[in-house]
Amino acid sequence: MANRMAKLDELLSAISLEYSNIANDANSMAMQNQKGYEFQINQHISELQSIRNKIFELELTHKKMKQSYEEEINRLKLDINQRDNQILNLRSAAPNGHQILHQPPQPTIQMHMSPPTIPIAAQPTIHNTNNRLMNVQQQQQQQQHILPNINPIL
């Protein structure tokens, strides 16, 4: 009987030891899964932060471009008003009996506002090109004064 009790104690100890080993394995697997999930969560948080930063940069770029276009539009409106005033002044200054021949309007380059498709790093090049284009147009306008041709009626 004592032999059976010792054998039973030995078997129960083996079962207890096996149970402890399985519980430790389960806990280590749970810790690994938790670490894996934490790693994935941190990666997603990092990715979301990166997306947020990109959106912020795009919003800033959009505001700058919008402001630039609005300034250009206001400048062009002012230019148009000044030209209209010059034309009205020239018409009113023309003596009676003389005819003013109108020159056809100069072609203008229209810039369409569209979302940027060029990387932000390339924008200074575009800005410089636009500035050069505007300088050329201004030089052409200065060379072709908006003075009407006055022909006396004979």
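Numbers for the structure displayed
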| read-out | value |
| --- | --- |
| Length released on extending from residue 11 to residue 65, taking residue separation times 0.36 nm less the Cα-Cα span | 11.4 nm |
| Ascending count of other beta-carbon atoms within 10 Å, so fewest first, for 92, 28 | 92, 28 |
| Distance between modelled label sites at residue 24 and residue 77, nm, 7 Å Cα→Cβ extension | 8.0 |
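Values quoted throughout were computed directly from the atomic coordinates according to the rules given, and no laboratory measurement underlies them. Bear in mind the structure is a predicted one, so any value in this text is a computation, not a measurement. Because the Cβ atoms are built from the backbone with ideal geometry, glycine has one as well, and the counts that use them run over all protein chains shown.
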